[in-house]
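Beneath this line is the structure, given in structure tokens, with notes to follow.
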Amino acid sequence: MFGLPEISVSAYGFITPGAAHPRAAIDTIATLGVRGITLDAARSGLRPRELGRSARRDLASLLRRLELEFTGLDLWVPPEHFTTPSSAQRAIDAVGQAMEMAGELAPLVGGRSQPVVSVLLPPELGEDARTTLGAMAQQHGATLADHALLQDTQTQTPGIGVGIDPVFYLTDGSSPAKAITRAGTNLASARLSDTTAMGRCVMGANGSKLDLTAYAGALIVSGQPWVPLDVRDIPEPTVAVAKSIEAWQD
């Protein structure tokens with residue numbers, strides 16, 4: 001019987017006074033009552049190209065000491081970088097490096113750690129580029145979670161799964177819960193986020209749009225072990241985490 005996925009916290013956009021350094025952010029998240037963390041692969045000090053094997057082992061050791069399981073990497077490369085000739089190869093290389101790092105960290109941290117790299121690919125990305133990205137994911141034992149809006153005509157590329165950010169669907173006027181159902185076994189990562197007409201907000205805030213009951217139900221059926229909480233653009237992220245945990249478990 002599948003249960004409610006456990007909240008992990010995405011370090012992307014998690015900025016508090018005194019926690020600007022990536023290590024400080026990790027330490028802070030470890031105090032918030034969660035057991036998983038999704039790291040920001042674009043953050044200085046955690047970029048895959050900056051961390052050799054020894055540094056990655058040290059990072060895995062840190063997560064184990066803090067009793068945080070590794071629930072993936074966020075790499076929000078601007079989608080247009082994948083299709084602009086001057087930046088396309090750099091973007092693909094950055095994703096490849098992130099998948100290599102995710103594939104190394106997950107077994108080092110252990111437990112229910114997941115080698116998932118979350119990205120946002122442009123709909124016009126060519127099939128050759130998608131195939132290349134998928135092949136790199138498979139090579140490193142990782143999965144690329146594409147958080148672009150799921151299209152009915154979308155074809156499946158081995159190594160690339162579906163990523164769901166509720167805010168993207170709510171802003172589009174569609175249901176994130178139904179998107180999870182449509183993704184089926186191709187679901188790679190589903191985040192926890194909410195929005196009002198003014199932008200991203202704390203879960204359950206006045207005027208928020210996410211049907212939390214429907215979303216939780218779809219996630220239970222999906223069998224996902226983790227749901228990364230996205231607190232980007234939200235003031236006081238530590239408060240947002242506490243309120244989101246309360247709403248999720250209510």
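Run through the range 99-196 and list the GluC sites (Glu not before Pro) located in a DSSP loop whose Cβ has at most 11 other Cβ atoms within 10 Å. Walk me through the intermediate numbers first.
On the way: sites: GLU100, GLU104, GLU124, GLU127; in loops: GLU124.
Sparse-neighbourhood loop GluC sites (Glu not before Pro): GLU124.
Could you tell me which GluC sites (Glu not before Pro) in the range 1-90 are loop residues by DSSP with no more than 12 other beta carbons within 10 angstrom of their beta carbon? List each step's numbers first, then the result.
On the way: sites: GLU6, GLU50, GLU67, GLU69, GLU80; in loops: GLU67.
Passing both the DSSP loop test and the Cβ count: GLU67.
Counting other C-beta atoms within 10 Å, which of PHE70, PHE168 has the fewest, and how do the rest follow? Walk me through the intermediate numbers first.
Numbers: PHE70 28, PHE168 20.
Placing the least packed residue first, the sequence is PHE168, PHE70.
What is the sum of charges around ALA30, taking Lys and Arg as +1, Asp and Glu as -1, for the other residues whose C-beta is under 10 Å from the C-beta of ALA30?
On the way: positive: ARG35, ARG65; negative: ASP27, GLU67.
Overall, the nearby charge balance is 0.
With all pairs of different alpha carbon atoms counted, what Kirkwood hydrodynamic radius in Å does the range 65-214 show? Let's see the in-between values first.
Details: mean 1/r = 0.0617 Å⁻¹.
After inverting the mean inverse Cα-Cα distance, the result is 16.2 Å.
First select every other residue whose beta carbon is under 11 angstrom from the beta carbon of THR71; then total the charges, Lys and Arg +1, Asp and Glu -1. Display every interim value, and only then the final one.
Details: positive: ARG35, ARG112, ARG191; negative: GLU6, GLU69, ASP74.
Summing Lys and Arg as +1 and Asp and Glu as -1 gives 0.
With runs of 4+ DSSP H residues as the only contributors, calculate the mean residue ellipticity of the chain at 222 nm using -39,500 (n - 2.57) per run, divided by the residue total and rounded to the nearest 500.
On the way: 8 runs with 96 residues, N = 250.
Calculated at 222 nm, the ellipticity per residue is -12000 deg cm²/dmol.
Take every Cα pair under 8 Å in the range 146-250 that's 6+ residues apart, average their separations, divide by the length, and report that relative contact order as a whole percent.
Numbers: 143 pairs, mean separation 24.6, N = 105.
Dividing the mean separation by the residue count of the range 146-250 yields 23 percent.
Taking neighbour counts of Cβ atoms within 10 Å as a proxy for exposure, in what order, fewest first, do LEU120, LEU63, LEU229 appear? Can you show the working numbers first?
Numbers: LEU120 18, LEU63 22, LEU229 25.
Ordered by Cβ neighbours within 10 Å, fewest first: LEU120, LEU63, LEU229.
How would TRP76, TRP226 line up from fewest to most surrounding beta-carbon atoms within 10 angstrom?
Details: TRP76 15, TRP226 27.
Fewest-to-most ranking of TRP76, TRP226: TRP76, TRP226.
Would you give the gap between the C-alpha center of the range 29-66 and the C-alpha center of the range 159-210, rounded to a whole Å?
Rounded to whole Å, the Cα centres lie 25 Å apart.
With the cut-off at 23 Å, report for the chain the share of all Cα pairs above it, as a whole percent.
The proportion of pairs with Cα distances above 23 Å equals 47 percent.
First select every other residue whose beta carbon is under 14 angstrom from the beta carbon of HIS140; then total the charges, Lys and Arg +1, Asp and Glu -1. If you can, show how the numbers build up before the last one.
Values: positive: ARG53, ARG56; negative: ASP93, GLU100, GLU104.
Neighbourhood net charge equals -1.
When only Cα pairs under 8 Å and 6 or more residues apart are kept, what is the percent relative contact order across the chain? Don't skip to the end; give the middle numbers.
Working: 474 pairs, mean separation 51.6, N = 250.
Computed value for the chain: 21 percent relative contact order.
Rank TYR215, ALA247, PRO123 by how far each Cα sits towards the positive end of the charge dipole of the chain (+1 on Lys, Arg Cβ; -1 on Asp, Glu Cβ) and give me just the farthest.
Checked the options; the winner is ALA247.
Report the charge-dipole magnitude of the chain in Debye, nearest 20, computed about the Cα centre from +1 at each Lys and Arg Cβ and -1 at each Asp and Glu Cβ. Walk me through the numbers before you get to the answer.
Values: 20 positive and 26 negative charges, 109 e Å.
Charge dipole, the chain, about its Cα centre: 520 debye, nearest 20.
What residue among VAL109, VAL34, VAL239 has the largest mean-square fluctuation in a Gaussian network model of the chain, using Cα springs under 10 Å?
Top of the fluctuation ranking is VAL239.
Most fluctuating residue of THR31, THR71, THR157 in a GNM of the chain with Cα springs under 10 Å: which is it?
It is THR31.
Rule-based calculations on the coordinates, nothing more; no lab input. These figures come from a predicted structure and were not determined experimentally. Every residue, glycine among them, receives a Cβ derived from its backbone with ideal geometry; neighbour counts consider all protein chains shown.
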